[in-house]
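Every number here is computed from the coordinates shown, using simple stated rules; none is lab data. Keep in mind it's a predicted model, so treat the numbers as computed, not measured. Here the Cβ positions follow ideal geometry from the backbone for every residue, glycine too, while neighbour counts run over all protein chains shown.
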Amino acid sequence: MAWRVRAAVRDDAAALALVASATFLDTFAGVFDGADIVAHCAANSTPAKFADWIDDPESAVALVEAIPGAAPLGYMLLTTPDLPIETGPDDIELKRIYTLSRWHGAGMGAALMNQARDDAGKMGKRRILLGVYGENAQARAFYERQGFVLAGERRFLVGNTWHDDVIYARPV
């Protein structure tokens, strides 16, 4: 199947909310408590939140969609950093980058990362930060292949349960 990455528009908010919830469930089912996954997605992956990020000039949202049909397969979100490390005006957080696991290895993650770097550069940012579940070896290996290095740690709440994340950074 063919696919493409494109900048998201406001009309994509519902598709983004759907793929955000689907990819979070796909990634963490069997790892996190099911009720916590549902609560997290209900609170953090809403069409309204995605519409706000799309409208925010300090954010960038991209969507991977199938060709033909435009079914959402993955997405990327850059926004103002909200991490427990020192940040400055030249920093941006790669808050989310996910694809459905069926498509892992198809190049979507790398394409989304390239889009993130391009968008960050266009916004005048010099460093990209991200937090990732510390035990997600596959994601950590991907970020390290993309040139990210450890920059800190944080606790991250999913539903009612705290998890340990690591924070990565790389130059744009």
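Rounded to the nearest whole Hz, the Karplus-based 3J(HN,Hα) values (6.51 cos²θ - 1.76 cosθ + 1.60, θ = phi - 60°) of segment 41-56 follow the sequence 5, 4, 8, 10, 10, 9, x, 4, 5, 5, 4, 5, 5, 4, 6, 7, with x at glycine and proline. At 222 nm, what value in deg cm²/dmol follows for the chain if DSSP H runs of at least 4 each add -39500 (n - 2.57) and the sum is divided by all its residues, to the nearest 500? Here the helix-only value at 222 nm equals -11000 deg cm²/dmol. Of Lys49, Lys95, Lys125, the sequence from fewest to most neighbouring Cβ atoms within 10 angstrom is Lys49, Lys95, Lys125. For segment 79-93, 3J(HN,Hα) computed residue by residue from phi via the Karplus equation (6.51, -1.76, 1.60; θ = phi - 60°) reads 7, 4, x, 9, 10, x, 10, 5, 10, x, x, 8, 9, 9, 9 Hz, glycine and proline entered as x. With the convex hull drawn around the C-alpha atoms of segment 2-171, the volume per residue stands at 105 Å³. Residues whose amide H falls under 5 Å from that of His163, counting only those 5 or more places apart or on a different chain, are Phe156, Leu157, Val158, with hydrogens built in the peptide plane.
Of the candidates Ala141, Ala15, Ala66, which one comes out as most mobile in a Gaussian network treatment of the chain with C-alpha springs shorter than 10 Å? Residue with maximal mean-square fluctuation among Ala141, Ala15, Ala66: Ala141. Under the combined filter of DSSP loop state and at most 14 neighbouring Cβ atoms within 10 Å, segment 7-90 retains these GluC sites (Glu not before Pro): Glu58, Glu86. Annotation for Ala7 and Leu157: the two label points, set 7 Å from Cα along the Cα-Cβ direction, are 3.4 nm apart. Exposure proxy for Thr161, Thr27: other Cβ atoms within 10 Å of each Cβ, ordered fewest to most, give Thr161, Thr27. Cross-link partners for Lys49 among the aspartates and glutamates, with Cα-Cα distance under 20 Å and sequence neighbours closer than 8 places in the same chain left out: Asp11, Asp12, Asp36, Glu58, Glu65, Asp82, Glu93, Asp119.
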